[in-house]
Every structure is written in C-alpha cells, then in structure tokens.
Amino acid sequence: MNVLLKSAKIVAPEQPEFHLKKRDILIREGKITSIASKIEDATVENISYKNLHVSLGWFDSSVCFGEPGYEERETIDHGLDVAAKSGFTDIVLNPNTKPSPNANSTIVFLKNRANHKLTGLHPLGNFTIDAKGVDLAELYDMKSAGAVAFYDYKRAIANPNLLKIGLQYAQNFDGLIYSFPIDVKIKGKGIVNEGKVSTTLGLKGIPALAEELQVSRDLFLLEYTGGKLHIPTISTAGSLKLIAAAKKKGLNVSCSVAVHNLILTDESLTEFETNYKVMPPLRTKKDVLALLKGLENGTIDLVTTDHTPIDIEQKKVEFDNAEYGSIGLESGFGLINQAMGMETAISLLTKGRSIYGIEEPEWKEGSDANLTLFNPEGEHVFNAEKIWSTSKNTAFLNTKIKGTVYGTINNNKYMKSL
C-alpha cells in the first residue's frame, strides 16, 4: 500500500512539532517514509480531502461482535470493516460469545479470524469458566495465545476470594483483570437508574450504591493483593471519587466510561425506547458532569463506544425483556467531537493501548502507518443510512453529531469510509 496524503493537518497534542501543522505524508509499503511541507510523487496514489485532518489510529477498548455463536448480530469480518470505516484501527473484543473464550484454542480462533484485516483485534478471555463466577479460566494459556485481559462480560465477580486469587495469580505473567462494577444483590431486579424517572415510569431501579459498593470492595482487594485491575464503563460520580482516591494511593487501577453515559441521562427513557436500555444504566445529569470532569483531569483512562450489537428480536420487545446494549462505533467520534471538541476527542481516542500491552503507533519516519483520516467540522444527523453494522440498535439515531471520518490506514491497508 503506497499513498501520499496531501496537505493533511496533523492532530498530535502530545507532539508539538507536528500538532495542527499541515504536512504531506508519504507512506510506502505501509510505513511512514516522509513527513514534509511538500512532497511530490506521481508513482503513488495521492489522497486529498476537504479539510483533511489526520491523527494516529483510534482505539476502542470495549467492542462486541457476536461470532462465534451470535453471527446474526455481527461477524468478526464485517464488524472489523465497520470499525475501520468508523476510524478505529485497534479494538479490544469482549468475550460475550458462544462458546466463551475460556482457553488457548478459543483465543487463537478469534485472532485467526482477524488475520489480514486493517483493524487489529485484541481479544479478552473469560476470567472464570463460561463466565459463571465459579472456577478460574485458563488465564495464562489465554495470555500466551494473545488475550490482553480477562473479563466475565458485564457480570460482577460476586466471590471476593475469587477476585483476590485471580489478582494474585495474574501477577506472575503481568495479567490484567477486569471487574464489572455491579453488586448483584443490591441491583436485584433493577433495569434502569433508581431515581425520579424510574419511579415515574414504574421501572425497577438500580441505585448508584450497587456500582459504588462493588468498586469500593474491588479497590480494597487490589490494595491487599497488588496486581492490575480494570473497572470497565463506570457510570456514577461516587465511583469516580473512589477510583481517584485509589490512584492517589498508587494502586494500579484503570477505568473507562461509555460514550452514551457521557451524553445521555435517564431522562431519555420516558418513551420506553429499548435502545436506551444499556448496562450500566443511564444515570443523572450530575453523574454525567462528574464523568466529563473525570475525563478532563485524567481520572478516567478510556472512553469507549461500548459497541454492543443486538438483533432486532431482542430489542423490539417490552422494555423489561429487552437485551442491554447499543451500537456505537459509527457515531463515537462525532459524539465525542461534538461534546468535547476536536483536540480533546483525538487525545481520548488515541490513548489507552499501553494498558493492554498493545504497541502504540508513532508519528515517526520509518514507523508503521497507523492513521485515521477525518474532518472535524460540519454538523450532520446520524441517521439509519449511516449505520454500517448488521444490527441497528443505536441510542443515537437522528442525533446531531459533528465531523466525518474519511478513512483509515493500518496493517499496510487503506480503507475509505465514504
């Protein structure tokens, strides 16, 4: 793959020598060979777009597809193409498949299905066998096969001794353990945030306490054991305070927040639209403001689309019976860019690989080209025509977003989005 990016404004907040400067970028055989004010080369494809901006390739730490077991939701092959068109050159794949990724062979299968794709797939393995919370899965074998961390997807580790043992054991091979922040006994049969809206609608609520108790417990265990803990998709101001205090103590803890928990509140639920049924649930305006502040001060490490395709049969049902989840790859950049501005959006979308031991791309001549091409300007409505995913369950249908993805470059491949 040989291309020349013409008059591209580089967005690299961490590298002032390039940041917001227009440059031509020559890429040969998938490597950045030259970055200069002007390059002429008629032997390669010249790429030029209106208001072309380019950054290092974007990273999403929480993506679901479906294969194996739920291919009607999304396949790996098509899902990775959707990710590439949406600007993401690396994704972490959640272990919500059937069979579950419990051992070396299942991780190898996932990695092999992603061979030769533009977007890199980095699988998570289950923390316990079949995510049942009883016995540890084969963590070391999965790590050896390429698993980047271990997670019982959207399920709490109810047994504190199991998490303690897992954190201790994983230190032998620098393993990263996930713990989903929900106390199942406090949650009970709740399905949305507990508050005025849930009471008005007659829906069973999940109090913020359910999340914060679990986070507090897990951080106490981490302080006792050492090791590395990741708390995915936090949603409350209280969780943020607990994690900030743990980081001040020097604990090796990271956390993420889903885009929909940054943009929407439980006020969206008034029409019983099941695409707003997500886990953790949409919370209050106070929580949203706290999470945005947590991103600004660095307490929250990652923003994720939490892309969760669900087939229509599982969404077009009564609210109580609908599956949790919303797709988010296609709208992720436009929403973050709209809410936080271009420079902050790119800073958030390009960081986080190091948490998983994934190689970070670089702005350097001779390095592999891992880039996203985009225009940060221009508002437009995110409608059904802009959904590439097999499943169409988005919480942001007909929402105004800002900016357009032009394409991605990675793994010696170039994919256009338009």
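The values are calculated or read from the model by the stated rules, or taken from the named source; none is laboratory data. This one's a predicted model, so the numbers in the text were calculated from it and none came from an experiment. Cβ coordinates were reconstructed from backbone atoms using ideal geometry, including for glycine residues, and neighbour counts include every protein chain displayed. With ligands, DNA and RNA removed, areas are computed over all heavy atoms of the protein, side chains included. Shrake-Rupley method; radii C 1.70, N 1.55, O 1.52, S 1.80 Å.
Observations, loosely collected:
- Number of positions in segment 254-267 that are in a loop (DSSP other than H, G, I, E, B) and either closer than 15 Å to T308 by Cβ or in contact (Cβ under 8 Å) with a residue 40 or more places away in the chain (or both): 1
- Some residue of segment 333-349 being in contact (Cβ under 8 Å) with a residue 12 or more places away in the chain and assigned to a loop (DSSP other than H, G, I, E, B): no
- Test for F374: is it crowded, with 24+ Cβ neighbours inside 10 Å, out of contact with any Cys (no Cβ under 7 Å at 6 or more places or on another chain) and aromatic (F, W, Y): yes
- Candidates T299, T233 - the one that is part of a loop (DSSP other than H, G, I, E, B), in contact with an Asp or Glu (Cβ under 9 Å, 6 or more places away or on another chain) and in contact (Cβ under 8 Å) with a residue 40 or more places away in the chain: T233
- Taking (1) touching a residue at least 24 places away in the same chain (Cβ under 8 Å); (2) charged (D, E, K, R); (3) within 27 Å of A322 (Cβ to Cβ) in turn, K196 satisfies each apart from (1).
- Meets criteria (open to solvent by 10 Å² or more (accessible area, probe 1.4 Å) and touching a Leu at 6+ places or on another chain (Cβ under 6 Å)) for K117: yes
- In the set (1) in contact (Cβ under 8 Å) with a residue 24 or more places away in the chain; (2) closer than 29 Å to L269 by Cα; (3) out of contact with any strand residue (DSSP E or B) (no Cβ under 7 Å at 6 or more places or on another chain), the condition left unmet by F173 is number (2).
- Residue that is nearest to the chain's Cα centre (by Cα) [pool: residues in segment 9-35 that are modelled with pLDDT under 95 and open to solvent by 60 Å² or more (accessible area, probe 1.4 Å)]: E14
- Single match in K38, K6 (criterion: open to solvent by 60 Å² or more (accessible area, probe 1.4 Å) and either of a type in the set (S, T, Y) or modelled with pLDDT of 95 or more (or both)): K38
- Any hit, segment 129-140, residues being touching a helix residue (DSSP H, G or I) at 6+ places or on another chain (Cβ under 7 Å), open to solvent by less than 60 Å² (accessible area, probe 1.4 Å) and touching a residue at least 40 places away in the same chain (Cβ under 8 Å): no
- When L251, L213, L201, L222 are checked against the criterion of being touching a residue at least 24 places away in the same chain (Cβ under 8 Å), under 12 Å from P181 (Cα atoms) and either of a type outside the set (S, T, Y) or open to solvent by 20 Å² or more (accessible area, probe 1.4 Å) (or both), L213 stands alone in meeting it.
- In segment 40-63 there is no residue matching the filter, namely being of a type in the set (A, V, I, L, M, F, W, C), within 23 Å of M142 (Cβ to Cβ) and outside any strand (DSSP E or B).
- Tally, over segment 73-112, of residues that are open to solvent by 30 Å² or more (accessible area, probe 1.4 Å) and under 12 Å from S389 (Cβ atoms): 5
- Count - residues of segment 310-332 that are more than 20 Å from T89 (Cα to Cα) and touching a residue at least 24 places away in the same chain (Cβ under 8 Å): 13
- Scanning segment 268-283 for residues that are of a type in the set (F, W, Y) and either in a helix (DSSP H, G or I) or modelled with pLDDT under 95 (or both) yields a total of 1.
- Within segment 335-390, the residues that satisfy the criterion of being under 16 Å from the mean Cα position of the chain (by Cα), more than 20 Å from V54 (Cβ to Cβ) and not hydrophobic (A, V, I, L, M, F, W, C) are S354, Y356, G357, S389.
- Selected residue [farther than 24 Å from S55 by Cβ, open to solvent by 20 Å² or more (accessible area, probe 1.4 Å), more than 17 Å from the chain's Cα centre (by Cα) and modelled with pLDDT of 95 or more] from K286, K315: K286
- Among residues of segment 382-417 being aliphatic (A, V, I, L, M) and open to solvent by 60 Å² or more (accessible area, probe 1.4 Å), the one that is nearest to A114 (Cα to Cα) is A384.
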